[in-house]
Amino acid sequence: MTVNPMNLYTKRKNVFLEGKSIMDNVRLSIHKEFQIGQIDRRIYGSFIEHMGRAVYSGIYEPDHPLSNQLGFRQDVIRLVKELNVPIIRYPGGNFVSGYRWEDGVGPVSQRPKQLDLAWLATEPNLVGINEFIQWTREVNSQMMMAVNLGTRGVSAAKNLVEYCNHSGNSYWSDLRKKHGFDSPHGIKVWCLGNEMDGPWQIGQKKAEEYGALAREAGKAMKWVDPTIELVLCGSSSSGMTTFPDWDATVLDLAYDTVDYLSLHAYYGNQKNDTLNYLACTLDMDRFIHSVVSVCDYIKAKKRSNKTINLSFDEWNVCYHSDDADQKIQPWSMAQHRAEDIYNLEDAIVVGLMLITLLKHTDRIKMACMAQLVNVLAPIMTRENGGAWRQTIFYPFMHTSLWARGTVLYSVLDSPKYDCKDFTDVSYVDSVAVYDALSGEIAIFAVNRNLEDCIVLKCDLRSFGNCRFVEHLTLTHENPKAVNTEQNPSSVIPHTIRSSIIKDDELVAELPSLSWNVIRLKTI
Ligand code: AHR
């Protein structure tokens, strides 16, 4: 659909288009040789936890008319494939800290129902590792597996690697074969527990305790399969009073065994202060810088040549469902938990979070939007009903599809604002990506200004001749607009036709409060 931005944004004043804007000439400076690093596609990862309706009546609903023989909803599979998710974390989250993985393998009729203390729910174990790995193949993805270091330890973690990845002729690998999976699953990335610093975690640990346990579990896991990569739990948020001491302590203890340190961050507009909310990625950026510093401090302390990179394995907006979650009946199944309905401003924040992740592509090698279906999710479903795309679906899909290749250093000369928690917030935030193989250039840009359209200009001379491919924008006259099953297309991307390349310069209009993708190609 093509629109004229002037018609779309009638409710907000569009000063630029009246020729009075103080916001024109935001300048983005990039050069194809000035590169931050190659994007690891695993930063477009996601997360399915046994929580709420993510699994049961989310991805798995055997009685749904659109389900396949394995019980997986094909309408959901189709939407997940649209997102191009290369890796999916499983089975938790907080859930994993009480999980016995053996309960979820073998004949389904013999699997026990267990109480899940993380979410006060009943877990029927109808879906376990083998079903989930089959589902990840259906959606063209791979599994990132988390082991339970809350209530369990070295032995259960080592056995799980043997069950999943060992070829055969051992107790656990032969059990996998007996369960119908002759070839090893070949799961490459393993998380050593989840948020082990948090009092909400089943089996919370002190940093010294966790660091030693993760090291020993990780050692045994790598002895079974030396090709795996291990993610150590960093602080569960930058707001923890133990941050960043936790990170330094656990890394000091497990440095030689692990490959990545994890970060988690969720933001929300609880106080309905949108300009402040839109600035939350300044906090995310600071968090990443701090964790990189901790990794490099321990590297220096150990005189090591090994660099620990980051796995931002939970990130999203989360706050809409806080009150509703308090009313959930304990021990029910497929609870309506964390079913945040996301609006336009949430999608803009998700876009800003993606820009922030991309700007740190030199150190962030994996990231998981938390989560994927029904729980804090870009995809919603109704039991026995439809499946639809939430607003946050689009920035994720755009970057996963088009932010490929190399992230370029960029200097942005943008007007700024101050708000409650932050100063000097750029109205425009953006990142540019160049794929030398295909010659594609993609610029992702957010306009945080709630009132005014902003014109972005970018000198393209370092790329030689370029042609304009398209400019997509996600915006709406109502910042609180959402998509629903009845109206799934309220907030969807539109094409902006007015953006052009003239004299080797891109000139693009960014509507007020908008997420934008501008695609160009070298000739
Ligand atoms: O994603 C929801 C929950 O948030 C996860 O289970 C936990 O790790 C985090 O606190």
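The values are calculated or read from the model by the stated rules, or taken from the named source; none is laboratory data. Please read all numbers here as calculations on a predicted model, not as lab measurements. All Cβ positions, even for glycine, are placed from backbone atoms using ideal geometry, and neighbour counts span all protein chains on display.
If the Cβ limit is 9 Å and pairs must be 6+ apart or interchain, which residue in region 109-124 that is without any contact (Cβ under 8 Å) to a residue 24 or more places away in the chain and among the polar types (S, T, N, Q) pairs with which residue that is more than 16 Å from the ligand (Cβ to nearest atom) and part of a strand (DSSP E or B)?
Every condition considered, the pairs that remain are Q114/T122.
Give the residues of region 328-339 that are crowded, with 19+ Cβ neighbours inside 10 Å and in contact with a strand residue (DSSP E or B) (Cβ under 6 Å, 6 or more places away or on another chain), sorted by residue number.
A334, Q335
If I filter region 408-422 for residues that are over 19 Å from R286 (Cα atoms), modelled with pLDDT of 95 or more, in a strand (DSSP E or B) and not β-branched (V, I, T), do I get at least one hit?
Going through region 408-422, the residues over 19 Å from R286 (Cα atoms) turn out to be 408, 413-415.
Keeping just the survivors that are modelled with pLDDT of 95 or more gives 408.
Subsequent filtering for residues that are in a strand (DSSP E or B) retains 408.
Still in the running and not β-branched (V, I, T): 408.
The answer is yes; a qualifying residue exists.
What's the number of the only condition in (1) in contact with a strand residue (DSSP E or B) (Cβ under 6 Å, 6 or more places away or on another chain); (2) β-branched (V, I, T); (3) more than 30 Å from R363 (Cα to Cα); (4) more than 16 Å from the ligand (Cβ to nearest atom) that I36 fails to meet?
(3)
If you go through region 225-242, how many residues are surrounded by fewer than 21 Cβ atoms within 10 Å (Cβ to Cβ) and either of a type in the set (V, I, T) or not in a loop (DSSP other than H, G, I, E, B) (or both)?
5
Return the pair list, or none, for Cβ contacts closer than 6 Å from residues in region 308-320 that are in contact (Cβ under 8 Å) with a residue 12 or more places away in the chain and within 12 Å of S237 (Cα to Cα) to residues that are hydroxyl-bearing (S, T, Y) and part of a strand (DSSP E or B), at least 6 apart or on different chains.
Matching pairs, first to second residue: D313/S262.
Could you say whether any residue in region 62-81 is under 19 Å from V139 (Cα atoms) and either of a type in the set (F, W, Y) or within 13 Å of the ligand (Cβ to nearest atom) (or both)?
Taking every residue of region 62-81 in turn, at least one turns out to be under 19 Å from V139 (Cα atoms) and either of a type in the set (F, W, Y) or within 13 Å of the ligand (Cβ to nearest atom) (or both).
State all residues of region 367-377 that are near the ligand (Cβ under 10 Å from one of its atoms), touching a strand residue (DSSP E or B) at 6+ places or on another chain (Cβ under 6 Å) and not in a strand (DSSP E or B); if no residue qualifies, say none.
A370, Q371, L376
Being under 19 Å from L352 (Cβ atoms) and assigned to a loop (DSSP other than H, G, I, E, B), is that true of even one residue in region 430-439? Spell out how you get there, then give the answer.
Of the residues in region 430-439, the ones under 19 Å from L352 (Cβ atoms) are 430-433.
When the remaining residues are screened for being assigned to a loop (DSSP other than H, G, I, E, B), the result is none.
No: zero hits.
Just the residues that are assigned to a loop (DSSP other than H, G, I, E, B) and either without any contact (Cβ under 8 Å) to a residue 12 or more places away in the chain or within 10 Å of the ligand (Cβ to nearest atom) (or both), please, taken from region 92-108.
G92, G93, P107
Conditions tested, residue by residue: (1) assigned to a strand (DSSP E or B); (2) of a type outside the set (K, R); (3) at pLDDT 95 or above; (4) surrounded by fewer than 24 Cβ atoms within 10 Å (Cβ to Cβ).
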residue: I341; (1), (2), (3), (4): no, yes, yes, yes
residue: V350; (1), (2), (3), (4): no, yes, yes, no
residue: K365; (1), (2), (3), (4): yes, no, yes, yes
residue: N384; (1), (2), (3), (4): no, yes, yes, yes
residue: M397; (1), (2), (3), (4): no, yes, yes, yes
residue: S400; (1), (2), (3), (4): no, yes, yes, yes
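Among the candidates D283, D259, which residue alone is surrounded by 15 or more Cβ atoms within 10 Å (Cβ to Cβ), among the acidic types (D, E), more than 16 Å from the ligand (Cβ to nearest atom) and within 30 Å of A212 (Cβ to Cβ)? Step through it out loud before you land on a result.
Details: D283 fails: within 30 Å of A212 (Cβ to Cβ).
Step by step, each of D283, D259 is checked, and only D259 is surrounded by 15 or more Cβ atoms within 10 Å (Cβ to Cβ), among the acidic types (D, E), more than 16 Å from the ligand (Cβ to nearest atom) and within 30 Å of A212 (Cβ to Cβ).
Which of the numbered conditions does Y266 fail, given that it passes all the others? Conditions: (1) outside any loop (DSSP other than H, G, I, E, B); (2) within 16 Å of the ligand (Cβ to nearest atom); (3) modelled with pLDDT under 95.
The failed condition is (3).
Checking the condition of a type outside the set (S, T, Y), buried (at least 23 other Cβ atoms within 10 Å of the Cβ) and within 16 Å of the ligand (Cβ to nearest atom), which residue from D325, D346 passes?
D346
Just checking, which of V139, V147 is away from the ligand (no atom under 16 Å from the Cβ), touching a residue at least 24 places away in the same chain (Cβ under 8 Å) and either among the aliphatic types (A, V, I, L, M) or surrounded by fewer than 22 Cβ atoms within 10 Å (Cβ to Cβ) (or both)?
The conditions single out V139.
What helices (runs of 4 or more DSSP H), lying completely within region 114-222, carry at least 3 residues that are at pLDDT 95 or above and touching a Lys or Arg at 6+ places or on another chain (Cβ under 8 Å)?
The helices (runs of 4 or more DSSP H) meeting that bar are 154-165.
For region 429-447, state whether one or more residues are surrounded by 20 or more Cβ atoms within 10 Å (Cβ to Cβ) and over 24 Å from the mean Cα position of the chain (by Cα). Steps first, answer last, please.
Start the filter on region 429-447 by keeping residues that are surrounded by 20 or more Cβ atoms within 10 Å (Cβ to Cβ), which leaves 429-434, 441-447.
Next, only the ones that are over 24 Å from the mean Cα position of the chain (by Cα) stay: none.
The answer is no, given that none of the residues of region 429-447 is surrounded by 20 or more Cβ atoms within 10 Å (Cβ to Cβ) and over 24 Å from the mean Cα position of the chain (by Cα).
Any chance region 292-315 includes a residue that's part of a loop (DSSP other than H, G, I, E, B), under 18 Å from the mean Cα position of the chain (by Cα), modelled with pLDDT of 95 or more and within 16 Å of the ligand (Cβ to nearest atom)?
no
Can you find even one residue in region 455-472 that is within 27 Å of the chain's Cα centre (by Cα) and free of Cβ contacts under 8 Å to residues at least 40 places away in the same chain?
Checked against the condition, which is being within 27 Å of the chain's Cα centre (by Cα) and free of Cβ contacts under 8 Å to residues at least 40 places away in the same chain, region 455-472 yields no hits at all.
Taking region 195-225 as the search range and keeping residues that are touching a Ser or Thr at 6+ places or on another chain (Cβ under 6 Å) and closer than 14 Å to V96 by Cβ, which one is farthest from the ligand (Cβ to nearest atom)?
Checking each candidate, the answer is G203.
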